[in-house]
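The values are calculated or read from the model by the stated rules, or taken from the named source; none is laboratory data. Since this is a predicted model, take the numbers as computed values, not measurements. Ideal geometry is used to build each Cβ from the backbone, glycine not excepted, and the neighbour counts take in all protein chains shown. Note: areas computed on protein heavy atoms with side chains; ligands, DNA, RNA excluded. Shrake-Rupley method; radii C 1.70, N 1.55, O 1.52, S 1.80 Å.
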Amino acid sequence: MAKKKGSRQKKAETRVDFTPMVDMMMLLITFFMLCTSLSKPQSMQLTMPSNDKNVNEQDRSATKASQTLTLYLAGNDQIYHVDGIPQYDNPACLKKTTWGADGIRSVLINHRTEGGYTPVKNIMAAKKLLDSERAKDKSMSDSVYNAKLDKIKKGELETGKVPALTIIIKALDTASYKNLVDALDEMQICAIGKYVIDKVNDDDMRLLKAAGVK
Amino acid sequence: MGKIKIKKADVWIDMTPMSDVMVLLLTFFMLTSTFVKNEAVKVNAPGSVSEIKVPETEVLQIIVDKDGKIFIGLDKPGYMQEMLEGFKSKFSGLSLSAMQEKNFIGLASFGMPMNKMSDVLKHEAGDVNNLQKEMGIPTDSINGGMSEFQCWVDAARNSSFGDKMKVAIKADAATPYKVVKKMMSELQDMSENRYYLITTLKKEEAE
């Protein structure tokens with residue numbers, strides 16, 4: 001507006017005090033920060049075999065002994081493994097190992113099947129390759145990735161087929177839930193497609209007792 | 001001596017940018033957050049490298065605390081009501097007043113044996129959690145049939161959201177496997193074979 005002589009209108013104070021508003025905002029933010037959880041919990045999917053007694057032995061898929069590994073999760077965070085089918089009258093087949101990368105994971109990685117394959121090592125390498133491929137090529141969709149991962153987990157690698165391992169996890173009553181989750185975690189890290197949580201039967205108990213496991 | 005005139009400094013601080021930032025922060029928190037539910041018990045889920053998210057809706061959450069007590073929760077109060085209706089239709093002996101039912105529906109998760117229900121639900125919501133955390137849902141079978149736990153799951157499964165229902169298990173890291181096995185085997189008996197095990201994120205150790 002052009003200044004005119006004589007118009008001595010006092011300019012109204014247009015500044016608004018924002019301090020109370022800021023105070024209120026602070027309160028609201030504090031409230032939201034305290035009563036919310038930002039991160040959603042993670043989860044792992046687990047499919048258990050059906051308890052249906054009608055499934056007979058023939059319908060269950062059988063695998064070769066050298067491609068099978070049985071894990072026993074015992075109390076006090078102890079873990080034992082049997083390579084191949086457990087020999088119930090030979091406690092020496094039960095070997096003790098530890099949790100973590102130096103223990104159970106290296107057992108899995110270095111497990112040799114007949115024919116001299118180390119399937120877990122090969123499969124893990126293939127998975128790593130696939131992961132880096134995906135990191136480079138952003139256009140790869142989840143479904144393509146999962147299909148490829150499934151194929152790798154079955155042992156169908158680009159360099160030829162390797163026999164995939166089957167892991168049987170048997171947790172004793174004294175084991176904790178953490179042990180079970182840790183074991184399932186190892187399956188995921190080692191990209192093992194076939195694993196099952198089985199019940200501990202009397203033969204297993206006898207074997208564990210003979211080996212001095214509580 | 002003459003008075004020294006100090007020019008009064010302008011102490012007015014412009015709060016506008018600050019309030020801008022505040023509004024942004026507030027909006028961020030409001031949009032990204034989910035409220036912490038007041039669970040019956042606090043459990044420490046074990047860590048895992050898995051990165052699958054828990055589904056958000058139609059989740060039947062089974063909480064197992066470290067002593068092996070079992071609690072069940074659903075994500076919406078409406079679902080809780082449906083489950084309660086389904087459960088009540090199985091047991092004619094169970095009668096709850098409107099106030100008790102309202103109390104039940106408001107719970108984030110519950111775990112009490114059927115015969116204690118009307119007794120516990122008389123109390124205020126805060127006290128209910130204190131009382132029920134000593135109880136848990138029994139997994140013993142009733143006269144050789146389904147256990148109370150199985151009846152609850154069955155009631156949830158047969159309600160309107162039953163087809164989409166997912167089972168999530170949240171157990172404490174120190175829970176004995178025996179309890180988890182019993183609970184899972186009861187679920188398997190009713191052919192609920194797929195679960196989400198709720199874990200916390202743990203980074204993969206360097207190889």
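Values computed for the structure shown
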read-out: Estimated 222 nm signal from helices in chain B, with DSSP H stretches of n ≥ 4 weighted -39500 (n - 2.57), rounded to 500; value: -10500 deg cm²/dmol
read-out: Per-residue average of Cβ from other chains inside 10 Å of B:161-173; value: 2
read-out: DSSP H segments from chain A that extend 15 Å or more along their own axis, Cα-based, with Kyte-Doolittle mean of -0.5 or above; value: A:19-34, A:177-189
read-out: Estimated FRET transfer efficiency when R0 is 25 angstrom, pair residue A:106-residue B:67 (beta carbons, to 0.05); value: 0.10
read-out: Antiparallel content of DSSP bridges confined to chain B, in %, to 5; value: 40
read-out: Over 25 Å (Cα to Cα) - which of A:153/B:69; A:95/A:170; A:170/B:182; A:178/B:42; A:128/A:194; A:170/B:170 fall in this group; value: A:153/B:69
read-out: The protein assembly as shown - share of DSSP beta bridges that are antiparallel (%, nearest 5); value: 60
read-out: Amide H contacts of residue B:171 (H built 1.01 Å from N, under 5 Å, at least 5 apart or other chain); value: B:64, B:198
read-out: Three-way shape call for the range B:68-186 based on the alpha-carbon gyration tensor, with the a/c threshold at 1.5; value: rounded
read-out: The range B:72-77 - phi-based ³J(HN,Hα) in whole Hz, Karplus 6.51/-1.76/1.60, Gly and Pro as x; value: 10, x, 10, 7, 10, x
read-out: Sum of side-chain charges, residue A:198 neighbourhood, beta-carbon under 10 Å (Lys, Arg +1; Asp, Glu -1); value: +1
read-out: Those residues of the range B:31-48 whose amide nitrogen sits under 19 Å from the label point placed on residue A:27, 7 Å along Cα→Cβ; value: none
read-out: Cα gyration tensor shape of the protein assembly as shown, rounded if a/c is under 1.5, else prolate or oblate by comparing a/b with b/c; value: oblate
read-out: Exposure ranking of A:81, B:123 by accessible area [1.4 Å probe, largest first]; value: B:123, A:81
read-out: Using a Förster distance of 25 Å, the FRET efficiency for residue A:87-residue A:156 (Cβ separation, nearest 0.05); value: 0.20
read-out: Fraction of alpha-carbon pairs over 30 Å apart in chain B - percent; value: 35
read-out: Residue-count net charge about residue B:18 - beta-carbon cut-off 14 Å; Lys, Arg +1, Asp, Glu -1; value: -4
read-out: For the range A:66-210, share of DSSP beta bridges that run antiparallel, in % to the nearest 5; value: 50
read-out: Per-selection Rg to Rh, chain A - Cα, Kirkwood hydrodynamic radius; value: 1.37
read-out: For the range B:117-183, radius of gyration divided by Kirkwood radius, i.e. Rg to Rh on alpha-carbons; value: 1.01
read-out: Relative contact order (%) - the range A:66-210, alpha-carbon pairs under 8 angstrom, separation at least six; value: 31
read-out: Low-density loop cleavage sites - trypsin sites (Lys or Arg not before Pro) in the range A:76-181, where at most 16 other Cβ are within 10 Å (DSSP); value: A:112, A:138, A:154
